[in-house]
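The values are calculated or read from the model by the stated rules, or taken from the named source; none is laboratory data. All values reported here derive from a predicted model rather than from experimental measurement. Backbone-built Cβ (ideal geometry, glycine too); neighbour counts: all protein chains shown. Side chains included, ligands, DNA and RNA excluded: accessible areas come from the protein's heavy atoms. Shrake-Rupley method; radii C 1.70, N 1.55, O 1.52, S 1.80 Å.
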Amino acid sequence: MNPRVAQPRRLHRLVLVVLAVLLLGGGSLGYVLHARHRDLPTAAADGSFSLAEPGLYYRDSATGRVARHSGTGGPPATGGPACERFYAAGERALCLRKLPGIPARTQALVLDRRLREVKRVTVPGIPNRARVSASGNVLSWTAFAVGDSYATTGFSTRTSILDLRTGYLVKSMEEIPLTIDGTRYHAPDVNYWGVTFAADDNRFYATVSTKGRTHLVEGDLHNWSAKALRENVECPSLSPDNTRIAFKKKVSDDPAAPWRLYVLNLADLSEHPLAETRSVDDQAAWLDDETVGYALPGREGRAGDIWSARADGTGEPRLLVPGGSSPAATNR
């Protein structure tokens with residue numbers, strides 16, 4: 001072939017290749033930008049979905065998105081962000097998502113009162129527990145590293161605490177100085193989960209597991225310390241008046257039904273069971289000073305239902321939301 005003819009042809013092919021790369025690169029960039037935008041939590045189309053409206057916020061099992069039940073008998077408001085675990089209080093909400101791929105990772109999204117993202121943190125594990133202090137200033141989440149039930153052994157958790165006042169993040173609280181029976185405690189199998197915050201944004205309660213036993217611990221954020229109060233308390237939830245803790249207590253070795261919901265009086269550490277006799281694997285949420293909400297496996301093929309029970313142990317459990325989980329009540 002004549003070199004003078006071949007050279008323009010090679011140049012022409014080179015130009016086509018360059019154009020193709022640019023087009024593909026632009027398309028890929030556009031896809032990435034679109035995917036990142038699509039991944040962000042979205043509010044309802046009319047912009048009215050916000051924490052300013054009082055009601056029961058929860059994760060709708062059918063859509064995987066946050067919804068709001070007003071309690072007035074009307075249809076729930078829909079169109080909140082997609083979450084696997086959710087909680088809201090004060091001016092903030094916390095949305096946990098499982099990211100695709102292996103190993104498992106959890107994305108914790110901090111949302112403002114319009115449920116728009118203001119911060120995100122990624123940690124290892126599967127979304128498990130989420131809590132926000134009453135003011136909205138301090139948040140905590142737990143990710144499960146192995147398994148899907150606390151009834152199994154050998155699981156591992158990672159619990160994080162984020163203080164929005166300072167921006168300080170504790171990605172794993174396992175190194176917090178822990179006291180059990182008045183003695184500084186060290187063990188390689190220490191796991192924390194289920195944090196709940198007091199109204200002062202400093203004191204908190206959580207579950208710690210070690211040597212096959214669980215303990216309720218009281219923690220101090222400012223002094224970064226924790227002490228065990230008593231055994232066999234899991235997933236504590238502090239009442240709005242800060243005097244009682246709803247928790248799940250292990251009452252059986254049957255892996256199908258190991259727990260029952262109880263309420264603990266912090267003044268004297270006395271306890272009583274709730275009227276709910278079914279096994280509840282959830283961190284209960286106080287709907288008001290007299291009522292506790294929690295999720296149970298759904299009936300009639302539903303993914304889950306939200307129930308409530310009186311905190312004093314009287315009455316009967318009441319179905320609040322068919323097909324829901326992660327309840328959080330706001331009373332603005």
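Observations
- Residues Thr78 and Thr179, FRET efficiency given R0 of 51 Å [Cβ-Cβ distance, rounded to 0.05]: 0.65
- Taking amide H positions as modeled 1.01 Å from N, with prolines and chain starts lacking one, the residues under 5 Å from Arg105 and 5 or more places away or on another chain are Leu99, Gly125.
- Nearest-0.05 FRET efficiency for Ile102 and Arg165, computed from C-beta distance (R0 41 Å): 0.70
- Accessible surface, per residue, of region 150-222 when the full set of protein chains is kept, probe 1.4 Å, Å²: 47 Å²
- 1.4 Å probe accessible area per residue over region 239-287, in Å²: 42 Å²
- The base-10 log of I(q)/I(0) for region 181-332, evaluated at q = 0.17 Å⁻¹, reads -1.00 [Debye formula, identical scatterers on Cα atoms, solvent excluded].
- Taking each residue as 0.36 nm, the span from Asn232 to Arg299 lengthens on full extension beyond its C-alpha to C-alpha distance by 21.2 nm.
- Listed pairs Lys171/Lys250; Lys98/Lys250; Lys119/Lys171; Lys171/Lys248; Lys98/Lys249 exceeding 22 Å between Cα atoms: Lys171/Lys250; Lys98/Lys250; Lys171/Lys248; Lys98/Lys249
- Rel. contact order, % - alpha carbon contacts under 8 angstrom, at least six apart, region 66-203: 17 percent
- Between Asp254 and Leu269, the simple label model (points 7 Å from Cα in the Cβ direction) yields a spacing of 3.0 nm.
- Length-normalised contact order of region 149-222 in % [C-alpha pairs under 8 Å, at least 6 apart]: 20 percent
- Rough spin-label spacing in nm, given labels placed 7 Å along Cα→Cβ, for Asp241 and Arg203: 1.5 nm
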